[in-house]
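This report concerns only the one structure given below.
The values are calculated or read from the model by the stated rules, or taken from the named source; none is laboratory data. Small disclaimer: the values here were computed from a predicted structure and weren't measured. We place every Cβ from the backbone using ideal geometry, glycine too, and count neighbours over all the protein chains shown. Heavy atoms of the whole protein, side chains included, go into the accessibility calculation; ligands, DNA and RNA do not. Shrake-Rupley method; radii C 1.70, N 1.55, O 1.52, S 1.80 Å.
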Amino acid sequence: MTIDEIIDFVDGFDGTLSFRPAPGDGSPEISWGDTFFFYSPDGVMPEATQPFATIVTKNCPGDESSRLDRPDTFRVNIAAGKEEFIDWTGHAPREPAADADPGITDAVIAHPVYGSVAWLAVVNPGRRTDEAVRRLLRAAHHRARARHERRTGGVDGSA
């Protein structure tokens, strides 16, 4: 899977807003080139909502273990939810575990920084993880949509 394939796939979900920070848009330079996926049926950037998935293209301070500084390397991160997280890792999000090398490619692992809040990660998803990544992204979108509907009182924001 390429970055563009993932973006196209997620953009096909209803109500998805993809944000790709770039120079001049007011976003911090560290985020330039990355992609953030939000559930936002009105197409407006949510102010107090976390993305349901992200794609990062470089190491960030405190998050170098995935070795995203390698050529053509990126990581897709997915808010998996507790049950999916346990299914994939064999442990609860807040439980310490000896997970796989965070730089391993084409493997679903606990996010090296946000695993404690049930995020999963895949560096360079490929043949082994393609279907899993798609399924996890669909489920993350579904959870984000359900949260939005609970907060707004309905699909379109009306009670």
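Computed values, structure above
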read-out: Odd one out for ARG20, checked against (1) within 21 Å of VAL133 (Cβ to Cβ); (2) open to solvent by 40 Å² or more (accessible area, probe 1.4 Å); (3) in contact (Cβ under 8 Å) with a residue 24 or more places away in the chain; value: (3)
read-out: Hits in segment 61-90 - residues which are more than 16 Å from the chain's Cα centre (by Cα) and of a type in the set (A, V, I, L, M, F, W, C); value: ILE86
read-out: Considering residues of segment 1-17 that are free of Cβ contacts under 8 Å to residues at least 12 places away in the same chain and closer than 14 Å to PHE36 by Cα only, the residue least open to solvent (accessible area, probe 1.4 Å); value: ASP11
read-out: Qualifying position, being open to solvent by 30 Å² or more (accessible area, probe 1.4 Å) and among the basic types (Lys, Arg), among ARG75, ARG135; value: ARG135
read-out: Residues within segment 88-132 that are open to solvent by less than 70 Å² (accessible area, probe 1.4 Å) and out of contact with any Ser or Thr (no Cβ under 8 Å at 6 or more places or on another chain), tallied; value: 15
read-out: Boolean, ASP69 is farther than 28 Å from ARG147 by Cα, of a type outside the set (Lys, Arg) and either modelled with pLDDT of 95 or more or touching a strand residue (DSSP E or B) at 6+ places or on another chain (Cβ under 9 Å) (or both); value: yes
read-out: Test: ARG94 is farther than 20 Å from ARG135 by Cβ and touching a helix residue (DSSP H, G or I) at 6+ places or on another chain (Cβ under 9 Å); value: yes
read-out: Verdict on GLY115 being at pLDDT below 95, farther than 19 Å from THR35 by Cβ and within 13 Å of the chain's Cα centre (by Cα); value: yes
read-out: Long-range neighbours under 6 Å by Cβ, at least six apart or interchain, first residue closer than 15 Å to PRO125 by Cβ within segment 135-147, second surrounded by fewer than 17 Cβ atoms within 10 Å (Cβ to Cβ); value: none
read-out: Segment 1-40: number of residues that are within 16 Å of ARG138 (Cα to Cα) and part of a loop (DSSP other than H, G, I, E, B); value: 6
read-out: Single unsatisfied condition, VAL44 versus (1) open to solvent by 20 Å² or more (accessible area, probe 1.4 Å); (2) closer than 19 Å to ILE109 by Cα; value: (2)
read-out: Any pair with Cβ under 7 angstrom, 6 or more apart, that starts in segment 54-65 at a residue that is outside any loop (DSSP other than H, G, I, E, B) and open to solvent by less than 50 Å² (accessible area, probe 1.4 Å) and ends at one that is modelled with pLDDT of 95 or more and among the polar types (S, T, N, Q); value: THR54/THR35; THR54/ASN77; ILE55/THR35; VAL56/ASN77
read-out: Residue match in segment 79-87 (condition: touching a Lys or Arg at 6+ places or on another chain (Cβ under 8 Å), of a type outside the set (Ser, Thr, Tyr), loosely packed, with under 14 Cβ neighbours inside 10 Å and more than 21 Å from ASN124 (Cβ to Cβ)); value: no
